[in-house]
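Here is the structure we will look at.
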Amino acid sequence: MRIFDPHIHMTSRTTDDYRAMHAAGVRALVEPSFWLGQPRTSPDSFCDYFDALLGWEPFRAAQHRIAHHCALALNPKEANDPRLLPVLEVLPRYLVKDGVVAVGEIGYDAMTPAEDAALAAQLQMAADHGLPALVHTPHRDKLTGLLRTLEAVEESALPAGRVLLDHLNETTVKAARQSGAWLGFSVYPDTKMDEQRMVAVLKEYGTEQVLVNSAADWGHSDPLKTVKVARAMLQAGFSDDDVDLVLWRNPVAFYGQSGRLALDVAEPGAAHEGNSLARGGE
């Protein structure tokens, strides 16, 4: 079984997570930029964060033979802070870099005018740079948020087929499917979707253009949820090919639209910019 986690925040995870993911079959991932839990107060902190997603995290992932890619953006929650709007001016110089396979996470948190503006600007950046977009649908009032998202996509220069609508659930999947966009589902221990609900959605709506992710971060989450969904699919009667489509070929097809996927992991060096994973030794 080969697994591609299309949305996971490895900056928040440990080396043990990388080791367990590889042992369970995870061979590739995309790490979208997101809110770190504590508000950032300067655009410079975003630059440091983006640099880490392009350097240190791919280095860490390579130690465990996992191909690391990233999506970069000003996230919806922090789009409401005027101090951080200059990030939108800096972002284009990062979007041309190897390893960046999408613009994301963008979308809505509280559905404010500031979020409207940031979403529109970053959908345009995705179109300008030939990148797909990973769109965060809000955790609250999800259907309203999804419909507002679809309006923004419709008004943008980015085709729906280059948009991944993430954090979907039973209340939003039908409208998302009708839009022609790709469908993303985050599977969590206590919130969002779980394995059995995910299997039920797959039975009703099919496996085409569906991506399943762990969205594992600093909260209560599980970086092996993708693997657990795969096992639940098999137990429910889905074939090995169905599992491979949802957990590997679909994310490869979506992010492959960037032209930047690199699924063969090069032999990692001993250090990244003079720093290694070793502690307590030479």
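Please treat every number below as a calculation from the coordinates, not as lab data. Just so it is clear, the structure is predicted and the values come from calculations on it, not from any experiment. Here Cβ is always computed from backbone atoms with ideal geometry, including for glycine, and neighbour counts include all displayed protein chains.
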(Q) Please rank 191, 11, fewest neighbouring Cβ atoms within 10 Å first, as an exposure proxy. (A) 191, 11
Q. So, with +1 on the Cβ of K and R and -1 on the Cβ of D and E, and no other charges, what is the size of the charge dipole of the chain about its Cα centre, to the nearest 20 debye?
A. 400
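Under 14 Å between alpha carbons: how many lysine pairs meet that in the range 3-258, if sequence neighbours fewer than 8 apart on the same chain are excluded? If you can, show how the numbers build up before the last one.
On the way: 142/174; 142/192; 174/203; 192/225.
The result is 4.
Is there a quick way to get the dipole size of the range 1-83? I mean about its Cα centre, with the Cβ of Lys and Arg at +1 and of Asp and Glu at -1; what is the value in debye to the nearest 20?
On the way: 9 positive and 10 negative charges, 64 e Å.
Dipole size: approximately 300 debye.
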**Q.** Cα-projected label distance for residue 49 with residue 234, points at 7 Å along beta-carbon direction, nm
**A.** 3.7
Q: Using a Gaussian network model of the chain whose springs link C-alpha atoms within less than 10 Å, name the residue from 83, 177, 162 with the highest mean-square fluctuation.
A: 83
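Can you sort 221, 45 from fewest to most other Cβ atoms within 10 Å of each residue's own Cβ?
Working: 221 21, 45 14.
Result, fewest neighbours first: 45, 221.
How much length would be gained if the chain were fully extended between residue 252 and residue 128, taking 0.36 nm per residue of separation minus their Cα-Cα distance, in nm to one decimal?
Numbers: separation 124, 0.36 × 124 = 44.64 nm, distance 2.14 nm.
Here the segment from residue 252 to residue 128 would lengthen by 42.5 nm.
Starting from the Cα gyration tensor of the range 145-282, multiply each eigenvalue by 5, take the square root, and state the resulting semi-axes largest first in whole Å. Working shown, then result.
On the way: eigenvalues 178, 86, 52 Å².
Each semi-axis is the square root of five times an eigenvalue, giving 30, 21, 16 Å.
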Q: Please find, in a Gaussian network model of the chain (springs between Cα atoms separated by less than 10 Å), the residue of 253, 215, 28 whose mean-square fluctuation is greatest.
A: 253
Q: Report the GluC sites (Glu not before Pro) located in the range 155-204 that are in a DSSP loop and have at most 15 other Cβ atoms inside 10 Å of their Cβ, or state none.
A: 170
Q. Rounded, prolate or oblate: which fits the range 6-53, taking a ≥ b ≥ c as square roots of the Cα gyration tensor eigenvalues, rounded meaning a/c under 1.5, else prolate when a/b beats b/c?
A. prolate
(Q) With equal scatterers on the alpha carbons only and no solvent term, can you work out the Debye log10 of I(q)/I(0) for the range 34-128 at 0.13, 0.14 1/Å? (A) -0.43, -0.50
Q. What nm value, rounded to one decimal, do you get for the distance between residue 83 and residue 190 when each label is placed 7 Å out toward the C-beta?
A. 3.0
Q. If you take the C-alpha gyration tensor of the range 147-206, multiply each eigenvalue by 5 and take the square root, what semi-axes do you get, largest first, in whole Å?
A. 23, 12, 9
Q: Place +1 on the Cβ of every Lys and Arg and -1 on the Cβ of every Asp and Glu in the range 3-258, take the dipole about the Cα centre, and give the residue among 32, 84, 113 whose Cα lies farthest towards its positive end.
A: 32
Q: Go through the range 73-84 residue by residue and turn each phi into a ³J(HN,Hα) via Karplus (6.51, -1.76, 1.60, θ = phi - 60°); whole Hz please, and just put x for glycine and proline.
A: 5, 8, 6, x, 4, 7, 5, 7, 9, x, 5, 9
